[in-house]
Amino acid sequence: MRAALRHEPLRPAALLEEVSSVSAGATVLFVGTVRDVNEGRAVTGIEYSAYEAMALAEMARITEEARSHFGVERLVLEHRVGTLALGDASVVIAVAHAHRAPALDAARYVIEELKRRVPVWKREHYADGTREWVDPANAAEPAGHVP
Amino acid sequence: MRAALRHEPLRPAALLEEVSSVSAGATVLFVGTVRDVNEGRAVTGIEYSAYEAMALAEMARITEEARSHFGVERLVLEHRVGTLALGDASVVIAVAHAHRAPALDAARYVIEELKRRVPVWKREHYADGTREWVDPANAAEPAGHVP
Amino acid sequence: MNVTVLLFASYADALGARSLDLDVRDGATVAELLDGISARAGTGRLPPSPLVAVNQRYAKPDQALARGDEVAILPPVAGG
Amino acid sequence: MNVTVLLFASYADALGARSLDLDVRDGATVAELLDGISARAGTGRLPPSPLVAVNQRYAKPDQALARGDEVAILPPVAGG
């Protein structure tokens, strides 16, 4: 069980390896990536910034909740900060469990709670040269609100 | 969108790469692996066999259903057959979508339907030298019944 | 008509064969085929109502069989 | 007591600063702190009720502040 913020590129396949175990029947990897279009605008990159100390604390709380709710003992959560290009991974969740349902439930729980609670922000860079902070409340798939 | 049965080891990280796309905001990988204990017995390996033509047809129908239900266009499903050692991957599902909810929903749909419908069987090899065909109806996490 | 019924996994082991040949009436249903299988010597180790596939799809008991259909009886599936 | 309020992302941009220093009464609540922020010149571009974190946890309006608390106001989060 661990959570980290990274200033260098995330390595999804390495996290998959990290949680894998012969005691696990199911391993789930979730990778969030920078995509080329958001809300109909052509995106060229995203800057992620964080309230780093709190983001780490909140990520650790979320992984601990996943352990408590779903019984997962092997879970890694990493979020990138800095300037990302199209296709770069912004978040990776890797989780393994003896059975598939808790592994899938835990992955979903962690990404939903991360989007709802972890103090990370993103400024999208658009093809027309402009930049904007993203407010998920305005998005088609809102992140929800805290508390 | 593709489905395959493989007689050689599955490569989860390669399937993750295969479905990844700059149009996808979320990529999900599910890996089923041979674990060391099942129903309280020490397992040393599993032989998987299939009604290959029907298994492939059913896997193709399931991936098509996932496209239809969740709008996923990038999905790969592979199942291994043959004799697997502890930790070997028996099934890999890789799926990418613009948004996280359809990607997660599709991964779960595919593994649940695969376990319910795809004509694949496994014979577990135990530490005491015995072997037994597995009937999921007797398991703690049953696969369900068809039709 | 003659129907070849494919066997797999524990069913193939139980009968010591990968297939069974049966004679059924033309247009027999899946249920009639299963009755025919039950009547055969040595099939007592099969369950009374196994899953049946016809042409690589699950079939219901009232489905009629045609000459040349690919028929199989399937143990409980255990993939993944 | 003096409270340093950390600012991030769009709020730091809007105010052109990474933090604000405020004087509030000893034991002031989060709600009183927000009133103090609103009263400051230049804070009109902040929403009336931003998320507040105290010591790296989300705080409710009635939570009392203590000397030395780490306080931050947070734009809507957008991770993942």
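The values are calculated or read from the model by the stated rules, or taken from the named source; none is laboratory data. Computed from a predicted structure; not experimentally measured. As a convention, Cβ positions derive from the backbone with ideal geometry for all residues, glycine included, and neighbour counts pool all protein chains shown.
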Residue count, region A:89-124 (criterion: of a type outside the set (A, V, I, L, M, F, W, C), more than 30 Å from residue B:40 (Cα to Cα) and buried (at least 19 other Cβ atoms within 10 Å of the Cβ)): 8
Residue A:58 vs. criteria within 14 Å of chain D (Cβ to nearest Cβ), crowded, with 18+ Cβ neighbours inside 10 Å and assigned to a helix (DSSP H, G or I): yes
Looking only at region B:129-146, and only at residues there that are outside any loop (DSSP other than H, G, I, E, B) and within 20 Å of residue C:53 (Cβ to Cβ), the one that is modelled with the highest pLDDT: B:133
Residue list for region A:78-93, restricted to those being under 10 Å from the mean Cα position of the chain (by Cα) and either in a helix (DSSP H, G or I) or farther than 18 Å from residue B:31 by Cβ (or both): A:78, A:79, A:80, A:90, A:91
Subset of region D:53-71 (residues that are under 19 Å from residue A:113 (Cβ atoms) and not in a loop (DSSP other than H, G, I, E, B)): D:53, D:57, D:58
Subset of region A:94-128 (residues that are touching a Ser or Thr at 6+ places or on another chain (Cβ under 9 Å), more than 7 Å from chain D (Cβ to nearest Cβ), outside any helix (DSSP H, G or I) and not basic (Lys, Arg)): A:94, A:95, A:96, A:97, A:98, A:124, A:125, A:126, A:127
Scope region B:1-21; condition closer than 22 Å to residue B:61 by Cβ and free of Cβ contacts under 8 Å to residues at least 60 places away in the same chain; matching residues: none
Evaluation of residue B:3 against (1) out of contact with any Asp or Glu (no Cβ under 6 Å at 6 or more places or on another chain); (2) of a type in the set (Gly, Ala, Ser); (3) modelled with pLDDT of 95 or more; (4) surrounded by fewer than 23 Cβ atoms within 10 Å (Cβ to Cβ) (one fails), failing number: (4)
Cβ pairs under 8 Å, 6+ apart, first in region A:66-83 and among the polar types (S, T, N, Q), second surrounded by fewer than 21 Cβ atoms within 10 Å (Cβ to Cβ): A:83/A:45; A:83/A:47
Exclusive hit being within 13 Å of the chain's Cα centre (by Cα) and at negative phi, set B:34, B:22, B:28, B:43: B:34
Failed item, numbered, when residue D:54 is tested on (1) farther than 25 Å from residue A:123 by Cα; (2) modelled with pLDDT of 95 or more: (1)
Residue in region A:64-77 that is within 13 Å of chain D (Cβ to nearest Cβ) and in a loop (DSSP other than H, G, I, E, B) present: no
Residue ID - nearest to residue B:85 (Cα to Cα), chosen from residues in region B:1-50 that are within 11 Å of chain A (Cβ to nearest Cβ) and basic (Lys, Arg): B:35
Checklist (1) of a type outside the set (Asp, Glu); (2) over 19 Å from residue B:112 (Cβ atoms); (3) assigned to a helix (DSSP H, G or I) applied to residue B:43, failing item: (3)
Qualifying positions in region C:1-16 - within 14 Å of chain B (Cβ to nearest Cβ), more than 17 Å from residue B:54 (Cα to Cα) and in contact (Cβ under 8 Å) with a residue 60 or more places away in the chain: C:10
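Quick grid of which residues meet (1) in contact (Cβ under 8 Å) with a residue 24 or more places away in the chain; (2) over 30 Å from residue A:77 (Cα atoms); (3) of a type in the set (Gly, Ala, Ser); (4) buried (at least 16 other Cβ atoms within 10 Å of the Cβ):
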{"residue": "D:18", "(1), (2), (3), (4)": "no, no, no, no"}
{"residue": "D:41", "(1), (2), (3), (4)": "no, yes, yes, no"}
{"residue": "D:46", "(1), (2), (3), (4)": "yes, yes, no, yes"}
{"residue": "D:51", "(1), (2), (3), (4)": "yes, no, no, yes"}
{"residue": "D:62", "(1), (2), (3), (4)": "yes, yes, no, no"}
{"residue": "D:73", "(1), (2), (3), (4)": "yes, no, no, yes"}
